[in-house]
Amino acid sequence: MENGEKGETFGSWLVGGLAAVAVALIFLLARDLVRARHPPTPDYHVSPPLPAETSPPHQTVPLSFDQSSLLPPSSSPDRSSSGSSDAAWAPWAKRGYELTQAGRYTDAAKAYEKAVSMNPGDKTLQHNLAYVLGGVAHDYLKAKSFDLARDRFREAIRHEDRGWFEQGLGISLYELGDEELAITAFERAVRLDPKLATSYIYLGQIYYRRNEMARALQRLEEANRLDPHDERLSAFYQKVKQGYAVQSNFREHGTAHFTLLFEGEKSERIAEEVRGILEEGYREVGQVLSTYPERPISVILYSRKQFQEAAHGPDWAGGIYDGKIHVPVGGEMDNPVALRGILYHEYTHALVQQIARQPVPTWLNEGLAETFEGRVTGLSHPFQPKGSFPPLSALHGSFLSLDGPAAAAAYAESASAVGYLIDRYGFYRMHNLLEALSTKSFPDAFEDAYLVSYAEFQKEWQAALEKP
């Protein structure tokens with residue numbers, strides 16, 4: 001066989017191999033992306049207006065969304081390639097292929113980077129390097145190494161900009177708290193690929209939290225159109241739609257830290273009172289948790305009927321936090337002490353979400369909110385279990401499935417456990433725990449913060465309960 005024929009044969013094998021790599025990567029990344037972290041889910045924290053011992057528990061109702069929109073678009077790589085087995089870049093390309101086949105994507109990326117540096121005009125090399133970098137970025141995303149994920153997605157985009165790279169970049173930026181840049185990435189993602197429902201969901205939730213209701217509604221409408229069978233997405237979309245209609249005639253007054261929306265002059269007095277309470281909470285709760293809002297928090301004041309229609313609040317609830325604070329005013333909420341407690345409670349949820357950036361176990365989130373509401377003082381909280389009671393590890397999710405007595409017990413148990421942590425260890429370690437949750441599992445974060453395992457703490461707290 002002549003040398004030219006050998007070169008053509010090797011070149012064909014190499015281009016075919018690179019094409020196979022891209023196809024394999026699409027499959028692998030699709031598989032992993034389906035298993036990826038869920039889009040941010042608005043947590044609904046419901047605050048009752050009556051004393052804790054006679055009220056239903058605060059509840060967390062997470063939304064979950066279909067992950068199919070995280071899949072990269074089907075595409076075949078550009079089959080144009082130049083050079084032969086004698087080309088300086090060819091061994092690096094072959095090495096990249098072999099490392100990819102072995103699942104060593106980080107090393108494969110280094111090999112492809114070397115090949116691209118020697119042959120920068122080759123579209124196939126650029127394409128495959130981008131996909132390998134995307135795979136590396138996604139592994140970092142799953143590991144909650146959001147800064148590394150951000151950097152790798154940006155590198156992938158430099159070689160080939162695709163919607164799902166921008167979406168991954170947006171998720172990374174969102175988790176790092178760079179909301180403005182996250183919006184830019186998600187908006188670019190849907191321009192590049194209008195079928196990326198996950199990007200629309202993120203955008204809808206960000207705009208909803210900012211009370212940019214028209215934008216939120218438009219983005220969620222697109223997500224709902226792409227995935228009309230997701231019941232929770234549809235419910236959230238309907239909630240935003242109803243909220244937009246109710247708020248259309250609301251007035252807006254704000255401070256540097258809060259944006260208040262309310263209807264008519266009748267609510268002017270209560271709005272002024274709410275502003276004062278919120279500013280006190282900003283200073284008091286913020287000082288204790290060493291955290292202040294990154295941007296103004298929207299606070300919406302409703303009639304009881306509007307609260308049920310727009311915020312989907314149950315008739316017994318005194319407030320809801322779902323990225324915004326919703327409060328029905330009038331009736332018992334004319335009581336300044338009750339109003340202050342509800343506002344402090346919901347504001348605490350906002351700060352907890354900002355610090356952790358991840359779902360927080362319900363017992364911890366609600367126990368903290370009760371602490372700042374003024375009802376909890378460590379073990380003096382009225383938690384007197386009769387017989388056995390569930391471990392705290394069973395109180396990470398919603399209490400909605402519990403009946404009344406079981407829910408009340410779970411609520412009291414949560415408040416007691418948080419009070420014990422604060423009494424014994426202080427707020428500094430609590431802040432460390434919440435901060436660690438942005439990158440670690442709860443058991444790992446707990447042990448790092450308190451130097452005792454989660455299981456050992458539960459035994460310690462339960463033993464303290466049994467002391468006279």
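The values are calculated or read from the model by the stated rules, or taken from the named source; none is laboratory data. Small disclaimer: the values here were computed from a predicted structure and weren't measured. Positions of Cβ are backbone-derived with ideal geometry, glycine not excepted, and every protein chain shown enters the neighbour counts. For the accessible areas, the whole protein counts, side chains as well, though only heavy atoms, and no ligand, DNA or RNA atoms are used. Shrake-Rupley method; radii C 1.70, N 1.55, O 1.52, S 1.80 Å.
A few points about this structure:
- Selection count where residues are in a helix (DSSP H, G or I), under 23 Å from SER303 (Cα atoms) and touching a residue at least 40 places away in the same chain (Cβ under 8 Å), scope region 209-244: 6
- Looking only at region 407-445, and only at residues there that are under 20 Å from ALA350 (Cβ atoms) and not in a helix (DSSP H, G or I), the one that is least open to solvent (accessible area, probe 1.4 Å): LEU437
- Only a single item in (1) hydroxyl-bearing (Ser, Thr, Tyr); (2) open to solvent by 10 Å² or more (accessible area, probe 1.4 Å); (3) within 13 Å of the chain's Cα centre (by Cα) is not met by TYR200, and it is number (3).
- Scanning region 303-324 for residues that are under 15 Å from ILE342 (Cα atoms) and crowded, with 19+ Cβ neighbours inside 10 Å yields a count of 9.
- Apart from one condition, GLN238 fits all of (1) over 25 Å from GLY330 (Cβ atoms); (2) open to solvent by 50 Å² or more (accessible area, probe 1.4 Å); (3) touching a Phe, Trp or Tyr at 6+ places or on another chain (Cβ under 7 Å); (4) not aliphatic (A, V, I, L, M); the exception is (3).
- Checked against the criterion of being among the polar types (S, T, N, Q), over 21 Å from GLY341 (Cβ atoms) and modelled with pLDDT under 90, region 203-210 has no qualifying residue.
- Residue within region 179-192 that is assigned to a loop (DSSP other than H, G, I, E, B) and either touching a helix residue (DSSP H, G or I) at 6+ places or on another chain (Cβ under 8 Å) or of a type in the set (Asp, Glu) (or both) present: no
- Filtered residue count, region 177-197, keeping only those that are crowded, with 19+ Cβ neighbours inside 10 Å and polar (S, T, N, Q): 0
- Selection count, region 285-302, where residues are of a type in the set (S, T, N, Q) and either surrounded by 17 or more Cβ atoms within 10 Å (Cβ to Cβ) or in contact with a strand residue (DSSP E or B) (Cβ under 6 Å, 6 or more places away or on another chain) (or both): 2
- The set of residues in region 140-169 being closer than 21 Å to ASP107 by Cβ, part of a loop (DSSP other than H, G, I, E, B) and in contact (Cβ under 8 Å) with a residue 12 or more places away in the chain consists of SER145, GLU160.
- Of all residues making up region 141-156, the number that are surrounded by fewer than 21 Cβ atoms within 10 Å (Cβ to Cβ) and of a type outside the set (S, T, N, Q): 8
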